[in-house]
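Chemist: Below you will find the structure I want to go over with you.
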Amino acid sequence: MDLLGVGPLELVFVLLIVFLVIGPNDMAATVKKIGRFLSTVKKSEFWRGVNEISKEVRTLPNTLMREAELEDLQKDLDKDAKEIRNVSKEFSADVPDWRKSAREEVSASQKAASTAADAQVESSTEPETDQPPAAEEEKE
């Protein structure tokens, strides 16, 4: 166990020196004063700041990895958006050509339909007879 860089043997040695310097009679009052001091330090804004910074330092590698991954994802999204814009530009450039060819096809279909309708009208205006024309001449 290593607490603040102080091992168990070193801790026992420091406690032994404190016991010899303070003496057994004043030990309880001294420990009480140290406890109050530590409580005051722990409740202070300084200690909160130290804890926040310590937490940030401990989580820094994970945060950096997440941010790096987000940057990669952002690059991928930018690349995909650029490709979509290019496809959109190509599509919008092709639309006038499609419109022109569609108009030409519609125009050609309309001409063919009007020609067929004219031919139908012409064939319906001719007199219809059941007998061939030679047979009609014989009757007269």
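The values are calculated or read from the model by the stated rules, or taken from the named source; none is laboratory data. Just so you know, these numbers come straight off a predicted model, no measurement behind them. Cβ coordinates were reconstructed from backbone atoms using ideal geometry, including for glycine residues, and neighbour counts include every protein chain displayed.
Chemist: Working only within the stretch 44-55, note down all residues that are surrounded by 11 or more Cβ atoms within 10 Å (Cβ to Cβ) and part of a helix (DSSP H, G or I). Explain how you work it out, then say what you get.
Modeler: Narrowing the stretch 44-55 to residues surrounded by 11 or more Cβ atoms within 10 Å (Cβ to Cβ): 44, 47-48, 50-51.
Trp47, Arg48, Val50, Asn51 - these are the residues of the stretch 44-55 that are surrounded by 11 or more Cβ atoms within 10 Å (Cβ to Cβ) and part of a helix (DSSP H, G or I).
Chemist: Right, something else. Of these, Val6, Val41, which one is touching a Phe, Trp or Tyr at 6+ places or on another chain (Cβ under 9 Å) and surrounded by 10 or more Cβ atoms within 10 Å (Cβ to Cβ)?
Modeler: Val41
Chemist: Here is a further query. Could you tell me whether the stretch 7-14 includes any residue that is among the hydrophobic types (A, V, I, L, M, F, W, C), in a helix (DSSP H, G or I) and more than 29 Å from Ser54 (Cβ to Cβ)?
Modeler: Our first condition is that a residue be among the hydrophobic types (A, V, I, L, M, F, W, C); within the stretch 7-14, this holds for 9, 11-14.
With the extra rule that they be in a helix (DSSP H, G or I), the set shrinks to 9, 11-14.
Now narrow it down to the ones that are more than 29 Å from Ser54 (Cβ to Cβ): none.
Checking the stretch 7-14: not a single residue is among the hydrophobic types (A, V, I, L, M, F, W, C), in a helix (DSSP H, G or I) and more than 29 Å from Ser54 (Cβ to Cβ).
Yes/no matrix, rows are residues, columns are (1) at pLDDT below 80; (2) surrounded by 10 or more Cβ atoms within 10 Å (Cβ to Cβ); (3) touching a helix residue (DSSP H, G or I) at 6+ places or on another chain (Cβ under 8 Å):
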| residue | (1), (2), (3) |
| --- | --- |
| Phe91 | yes, yes, no |
| Arg99 | yes, yes, no |
| Lys111 | no, yes, no |
| Ala119 | yes, yes, no |
| Pro127 | yes, no, no |
| Pro133 | yes, no, no |
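Chemist: Continuing with this model, one more query. Does Asn25 qualify as being at pLDDT 80 or above and loosely packed, with under 10 Cβ neighbours inside 10 Å?
Modeler: yes
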